[in-house]
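The values are calculated or read from the model by the stated rules, or taken from the named source; none is laboratory data. In this text the structure is predicted, and so the values were computed from the model without any measurement. FYI the Cβ positions are ideal-geometry reconstructions off the backbone, even for glycines, and counts take in every protein chain you see. Calculation scope for accessible area: heavy atoms of the full protein, side chains included, ligands and nucleic acids excluded. Shrake-Rupley method; radii C 1.70, N 1.55, O 1.52, S 1.80 Å.
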Amino acid sequence: MAFPLHCPPPSPPLRISSPPAAAAAAAVPNPCPNLSSLAPPRLCLPRHRRRRRRPGSLRCSASSSSPENRRAGPASSSDAAELPLFPLPLVLFPGAVLPLQIFEFRYRMMMHTLLQTDLRFGVVYADSASGTADVGCVGEVVKHERLADDRFFLICKGQERFRVTGIVRTRPYLVARVDWLEDRPSSDGGDDLESLAGEVEAYMKDVIRLSNRLNGKGEKEVQDLRKNQFPTPFSFFVGSTFEGAPREQQALLELEDTAARLRREKETLRNTLNYLTAASAVKDVFPSS
């Protein structure tokens, strides 16, 4: 069963699992255990329904250039940069680790260029139903291995976010002109952000605890998830764990307000916790179910 994440009806149980497969023609997750283990655990959440867009389109709408959708401060030509783009059926967040295997020719060409320059490219979410998003995250290659057949194993780490403002070229691979995004100063005070981040962490711990119980792993005490992160990077970490809901992840990535992102994550986790609590009660009454 699936339902929009912000509604209280039943949803599939949330579970801890390995990182999602990058099921693209040009890349798959790195199969090496020592590399895959670098990625953070993901939380599988029900899918969030969003308005469909024309497949194959890049969302560079007029609203993208409005002041309220840009980072704080006036935009100038010096803010713009050209960035090679890698459309993938997943969402990369700042600070998250992404293992990839590159084998398609055009993206092998891109890797050869990147390895001689700054090792950075843009990861943008794309699927057949909604097309290609215009907000993405820079992936920086922190480890790579080139194989004899010219394939690449990569470990990438998410850096800053960007918004696509124009297409420079599409061959041999996509290159776009981008503006960098930052969260605007929140109307909520620093203490309120800290409190909100603490509430999100508490819900997240409860979700993991109940999910482990339902999966027969026992209710072990969940260790510190935040690890002294400030609210903004912590909000990105939480979003990176919402496996199975890439459109919801994309919505979180596009938000430019830390408090709004944390509130949305809190609501998602609260709804998931309500479901898991009910599922746990049913399991107690009907152990064989």
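Per-structure values
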item: For region 187-288, accessible area per residue (1.4 Å probe, heavy atoms of protein chains only), Å²; result: 46 Å²
item: Filter on 220/266; 217/266; 157/283; 157/266; 205/283; 143/205 - keep pairs with C-alpha separation over 29 Å; result: 157/283; 143/205
item: Residues with amide H under 5 Å from that of residue 160, placed H, sequence gap 5 or more; result: 138
item: In nm, spacing of pseudo-spin labels at residue 177 and residue 82 (7 Å Cα→C-beta vector); result: 1.1 nm
item: Base-10 log of normalised Debye intensity for region 164-250 (one unit scatterer per alpha-carbon) at q = 0.23, 0.24 Å⁻¹; result: -1.21, -1.26
item: ³J(HN,Hα) computed for each position of region 104-118 - Karplus, 6.51 cos²θ - 1.76 cosθ + 1.60, integer Hz, glycine/proline x; result: 6, 4, 5, 7, 5, 4, 4, 5, 4, 5, 5, 5, 9, 10, 10
item: Other-chain or far-sequence residues with amide H under 5 Å of residue 143's (modelled H); result: 155
